[in-house]
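Computed from the coordinates by the stated procedures, all read-outs in this text should not be read as laboratory data. Predicted, not measured: the structure shown is a model, and the values here were computed from it. Here the Cβ positions follow ideal geometry from the backbone for every residue, glycine too, while neighbour counts run over all protein chains shown.
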Amino acid sequence: MSEREPRADGVARILIDEEVIRLRTAELARELDAEYGDDIPLLVGVLNGAIAFMTDLMRAMQIPLEVDFMAVSSYGAATQSSGVVRILKDLNEDIEGRRVIVVEDIVDSGLTLQYLLDVLERRNPKDLRVVALLKKEKPDAVDVHVDLVGFTIPDEFVIGYGLDYAGKYRNLPYVAVLDPKVYAGE
Ligand code: IMP
């Protein structure tokens, strides 16, 4: 894992390496397997950020499950949430009476998740839980419930393992802190 790879240009430091992500994902998968037992949950991946986590998590789970995706507006090329969330792609599945697990990459201000849960709750799922790979330590975040968190991280802008800055860095296999020089003057 070399930081000299072209894709790693802009990485300040690696925060969570591939192996640590893999082990934690396996733990989360075991918890979900135990929780859902005979039911068939619908995993809802939130595009684009959750792509890596979603595909690894679902393959680590051993119970039967189904998947669907939603896409919501991201920050664009900014590192701060605007608080305005738009649905860019809705679910294909009807979730009424289903057991739904929202799979998120990161909870920062919590605004995106709060909005999503509000939208999904109104569709009357049997239950609705959230698993997020990352949650930032942010005292002023909105109080939104996350059932399972992979890692709590400091309030820094991170990239990799699905997470982007201005569309790039999603293909880094680890979670890293973005070099502030990349967005200086934003
Ligand atoms: P929130 O609404 O502030 O909680 O932000 C949620 C969304 O913003 C996430 O699903 C990510 O797509 C994006 N986001 C938040 N923090 C970061 C970060 O540090 N790096 C990359 N994307 C982020």
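The set of residues from region 59-74 being within 18 Å of Gly150 (Cβ to Cβ) and either within 16 Å of the ligand (Cβ to nearest atom) or crowded, with 19+ Cβ neighbours inside 10 Å (or both) comprises just one member, Met61.
When residues in region 103-136 are screened for being away from the ligand (no atom under 11 Å from the Cβ) and among the aliphatic types (A, V, I, L, M), 6 of them pass.
Being among the hydroxyl-bearing types (Ser, Thr, Tyr) and within 9 Å of the ligand (Cβ to nearest atom) is the filter here, so list the residues in region 138-183 that pass it. Hits for region 138-183 are Tyr165, Tyr169. Name the one entry in Val130, Val182, Val175, Val146 that is under 14 Å from the mean Cα position of the chain (by Cα) and farther than 30 Å from Asp94 by Cα. Of the residues listed, the single one that is under 14 Å from the mean Cα position of the chain (by Cα) and farther than 30 Å from Asp94 by Cα is Val175.
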